[in-house]
Amino acid sequence: MPLQPILFAGGSGTVGRQAVHWFRQRQPDWPLLVGGRNLATAEDVAQAAGQARAVGLDLDQPGLGLDPALTPAAIIMLAPDQALHGLSLAQRLGIPYLNANTGVTELGPEVAQFMHHPGAHALVLSSHWASGAALALALDLARRFTRVAAIGVEVLLDEEDPAGPLAWEDMARVHSAAPAALAFRHGRRHWLSGADLQGSVTALDGRTLAATAFGSIDLLSLWATTAAPELRFDIAMGESSSRRRGAETAAEIAVRVTGERDGQTTTARSVLEFSQGQASLTALGLVLSLERALGLVGGEPLPSGLYMPEQLWAADWFLQELQREGAVLHHPVDGH
């Protein structure tokens, strides 16, 4: 039986074309649909990928304006699905839907629509930082503790990474809708605003950079999985440690965990670098979740349900796959 194509909605964008690249590299035989508003640009991406077809998308039209005869195997939503036409299409077809564009304050409509059709398909909320890279780094470090007291996620965006300013703009978009940033303090939800938004990021090379708190969906996953009473996510813009030491511009994510281990309170830190940049790391993370959703690795396709990425994969597997594709992990011994 021939494979049905996977629709990369927004596949001609900055992250989308990287997602098409990673999926094609890892799954060379699966047909693809590269969806975009600009058909010519989508055709360029499809031609480069091979065994792919470009399709025009209209996000404001039911069914995304696609030919009703098209029956994709899954939809990867890389463009803002503001009217939820992509989600509705996935529900009607009964296929997995992964959305990489929804902020923590924007989840309500998706969740409500799913709850009214809970048996229709698998819905994966995939808008975590770098599509799960920061989350996996934090979960992998946290599992080494018997009790987790605090988790801090710190991201350094390099201004010379083409996707760095775009990621910063996306953070600003989320904050414009809800100026306060979600965090957890003393085991309670807390909305940071004003001076409380100001934080810091410690780079791999030891520099301290001024940062801004970001209410990432990662915090929801970390709260549910670790029950850490203190959770915060900060983002800084500046020169990555990799570029500063004369190497490539790199995506850089650090995680600091404080908790109890071997009967003592201690702090540990992990840092992830990815020299292919922020967009490529985000795209790769999304593809890893897609492979799990389709059952291409590690078991059967996902049954109908509402999922976070950490429910699809084990953190150590996810990090191993990132390393296989070029990521480097650092574990400073003193937690600093």
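Read-outs throughout are calculated quantities, based only on the coordinates presented, and are distinct from any laboratory measurement. The structure presented is a predicted model; accordingly, all values stated were derived computationally and were not measured. All Cβ positions, glycine included, derive from the backbone under ideal geometry; neighbour counts span all protein chains shown.
I'd like the antiparallel share, as a percent to the nearest 5, of DSSP beta bridges with both residues in the chain.
Around 55 percent of the beta bridges assigned by DSSP in the chain are antiparallel ones.
Please state the Cα pair-distance histogram of the range 57-137 with 5 angstrom bins from zero: what percent is in each bin?
Binned Cα distances yield the sequence 3, 15, 27, 25, 18, 9, 3, 1, 0.
Using the 10 angstrom Cβ neighbour count as an exposure proxy, how do Ile95, Ile6 rank, fewest first?
Listing Ile95, Ile6 from fewest to most nearby Cβ atoms yields Ile95, Ile6.
Taking the mean number of other Cβ atoms within 10 Å as a proxy for protection, how do you rank 187-198, 264-275 from highest to lowest?
Descending packing order for the listed peptides: 264-275, 187-198.
In whole Hz, with x marking every Gly and Pro, tabulate ³J(HN,Hα) for the range 287-293 from phi via Karplus 6.51 cos²θ - 1.76 cosθ + 1.60, θ = phi - 60°.
Values per residue, Gly and Pro as x: 5, 4, 5, 4, 4, 5, 4 Hz.
Tell me, what ³J(HN,Hα) does each residue in the range 246-260 have, in order and in whole Hz, if you take phi through Karplus 6.51 cos²θ - 1.76 cosθ + 1.60 with θ = phi - 60° and put x for Gly and Pro?
Residue by residue, the range 246-260 yields x, 9, 6, 5, 9, 6, 9, 10, 10, 10, 10, 10, 10, x, 9 Hz.
If packing is taken as the mean number of other Cβ atoms within 10 Å per residue, what is the order of 70-82, 96-108, highest first?
Packing proxy ranking, top to bottom: 70-82, 96-108.
To the nearest 10 degrees, how steep is helix 315-324 against the longest Cα principal axis of the chain, on a 0 to 90 scale?
Helix 315-324 sits roughly 80 degrees off the main axis of the chain.
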